[in-house]
Amino acid sequence: MTPEERLAELGIELPEAPPAVGAYVPWARTGNLVVTSFQLPWRAGELAYTGKLGAALTTDDGYAAARLCALNGIAQLKDAAGELEHVRRIVRIEGHVGCAPDFTEIPAVLNGASELVNAVFGERGKHTRTALGHMVMPLDAAVMIGFWAEIEE
Amino acid sequence: MTPEERLAELGIELPEAPPAVGAYVPWARTGNLVVTSFQLPWRAGELAYTGKLGAALTTDDGYAAARLCALNGIAQLKDAAGELEHVRRIVRIEGHVGCAPDFTEIPAVLNGASELVNAVFGERGKHTRTALGHMVMPLDAAVMIGFWAEIEE
Amino acid sequence: MTPEERLAELGIELPEAPPAVGAYVPWARTGNLVVTSFQLPWRAGELAYTGKLGAALTTDDGYAAARLCALNGIAQLKDAAGELEHVRRIVRIEGHVGCAPDFTEIPAVLNGASELVNAVFGERGKHTRTALGHMVMPLDAAVMIGFWAEIEE
């Protein structure tokens, strides 16, 4: 099965890759590496999740926000690679979570991104991850996710 | 026009690449990639912008600080590549902004770095960007900027 | 001397590479690059340093925590490369420190990681570094360290 077929099986429609929010581009390629700008939880042009985990938002909300960010990141990879089948490896997922000062479940939130990537890319989705919590986030986004991926020549 | 000529046209003098502030080096090369350590808003050996956006500093201050950090990063790239013409692509700009808790204009601040890079490198300057706000910053720097760039063999 | 011999000379035993804390992997390779997930200050399966610098922890504690994180990162590189002699260059160390709001000695803390890497890898250990302080950290870890390294074909 291709990643596109796995997405279909999961009942997920790949959105349009969101544009950048400033004087930069959503992804760049160098050699076989594609790197994305941070992906926010955009859905149909609106931020679907704003606010802080451990305050306005629950861990379940954060999981859903991380999954949505990752879906936008997958849309960027498709834009970069043409077909997701050309993605040879998800090398790294960078995870950033907006948090109240005492929120500790950052890894559980970011599993929303990791588990989607694992489901869609299978063995090729096995990624390293960085996880950070922040008390201020751009546009008050609940979660942001960056990707580093290796693609075919 | 070369990047050096564009800098001259903008009336900007490229500073000396600032040294590291610890037991590390300012840039490293691996294959065609050059990566820098975080660049602080150093000017003539002094931090020109300290404090937090949304408190002691305005968004205009932050824009100028981000531009200065990026200028120091360009100096590192020149040190790494010999001539800026050997830079094939600015792959990623990493932006970090010292913020008061309710400051929301992080992208506007980081445009100070992005717009300088776009002006100096033109099409080759089209970069991805990561943007984060922080309530503590090393040396209380207002902004820090990291670069990933692809250079010629 | 090999890096393993330098570790022995320093009286340091390389631990087992710690497993990931979520749906991801501890390291990935793309081309000649190995990248790790963030390393926490694990010792024998327990977090040896939790809490914030400038509050529960001193700068000396933080230095020791950063050194321990880096040791775990070196264990990941050995797992990835087979022998540490196959590491051609430590390209970047990413440093993240849990801080009280007024803590300013982040570079001194991260020297705990940098100085170990310099001692173990010598000329090949000359790395770039990123340094950030955070008021929330995953699992309340005092420090987290990520590695980017170039390894032989």
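What follows is calculated from the coordinates using simple rules that are stated; it is not laboratory data. Predicted, not measured: the structure shown is a model, and the values here were computed from it. Note that each Cβ is placed from the backbone with ideal geometry, even for glycine, and that neighbours are counted across all protein chains shown.
Here are the numbers for this structure:
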read-out	value
For B:K126, distant residues with modelled amide H under 5 Å away	B:I90
Label distances, nm, C:E123 versus same residue in remaining copies, Cβ-directed 7 Å point	4.0, 4.0
Label point 7 Å beyond Cα along the C-beta direction, distances from A:I12 to other copies (nm, shortest first)	3.9, 3.9
For B:G133, residues with placed amide H under 5 Å, excluding near neighbours	B:V97
Three semi-axes of the equivalent ellipsoid, segment B:31-151, Cα gyration tensor, whole Å, largest first	25, 14, 11
Net dipole in debye of the protein assembly as shown [+1 Lys, Arg Cβ; -1 Asp, Glu Cβ; about Cα centre; nearest 20]	60
Neighbouring partner chain Cβ atoms per residue of C:136-144, average, 10 Å criterion	5
Residue closest to axis [chain C; rotation mapping onto B; Cβ; Å]	C:M135, 3
Test item: B:89-101 mean partner chain Cβ contacts at 10 Å	4
Sites A:M1 and B:E13 - FRET efficiency at Förster radius 41 Å, r taken between beta-carbons, to 0.05	0.10
For A:M1, label point 7 Å along C-beta direction: distances to other copies, nm	5.3, 5.3
Candidates A:G82, A:G125, A:G112, ranked by Gaussian network fluctuation over chain A, Cα under 10 Å, top entry	A:G82
Net charge of Cβ neighbours under 13 Å - reference B:N72; Lys, Arg +1; Asp, Glu -1	-1
Check: segment B:31-151 dipole with +1 on Lys, Arg Cβ and -1 on Asp, Glu Cβ, in debye	280
Karplus 3J(HN,Hα) series, Hz, for segment A:23-30 with 6.51 cos²θ - 1.76 cosθ + 1.60 (x for Gly, Pro)	7, 8, 10, x, 8, 9, 10, 9
Farthest positive-ward along segment B:31-151 dipole, Cα basis, beta-carbon charges - from B:V109, B:H86, B:T59	B:H86
Calculated FRET efficiency for the pair C:D140/B:E123, C-beta based, R₀ 56 Å, to 0.05	0.80
Residues of type aspartates and glutamates that B:K126 reaches as a straight line, Cα spacing below 14 Å, ignoring anything fewer than 8 places off in the same chain	B:E94, B:E115, B:E150
